[in-house]
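A quick write-up on the structure given underneath.
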Amino acid sequence: MIMVQSTFQLDAKHKKAVIDLMKKMTQMCREERGCLSYEYYEGLTDSCQIILLQEWENADCLQEHYQTDHMADFLDNLSKFLESPVATRSYASRESVTPNTPATDALLKPEQTIH
């Protein structure tokens with residue numbers, strides 16, 4: 001399983017527009033092959049900081065997600081509403097490494113598209 005955490009710092013005056021984009025994105029992503037979970041969370045101390053947590057079956061499913069039209073549209077629209085670039089980190093769960101497979105760095109670090 002691949003887990004992705006993205007942090008968005010929103011421009012306060014455009015927060016409603018971004019939240020609407022994120023709601024649409026959530027609906028589309030949850031229908032994608034291999035999407036286990038996809039949800040945004042608002043910060044308690046900074047309501048303009050939004051965290052996206054995603055879980056994907058594997059790195060191939062995540063890469064397919066990065067190549068979708070709705071992802072490209074989302075990123076194009078999102079950029080004008082942010083105070084800073086999106087910070088993204090990906091993690092591979094050890095669950096995705098089978099007992100007979102050596103746990104090498106190559107297995108635990110899927111190729112990632114940076115956005």
Selection from the stretch 38-63 of residues over 25 Å from residue 14 (Cα atoms), out of contact with any helix residue (DSSP H, G or I) (no Cβ under 8 Å at 6 or more places or on another chain) and part of a strand (DSSP E or B) yields 55
- Message: When you check residue 106 against the structure, is it modelled with pLDDT under 90 and exposed (fewer than 14 other Cβ atoms within 10 Å of the Cβ), yes or no?
- Response: yes
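The values are calculated or read from the model by the stated rules, or taken from the named source; none is laboratory data. Predicted model, so just to flag it, every value in this text is computed and none were measured. Here the Cβ is made from the backbone with ideal geometry for all residues, glycine too, and neighbour counts use every protein chain on show.
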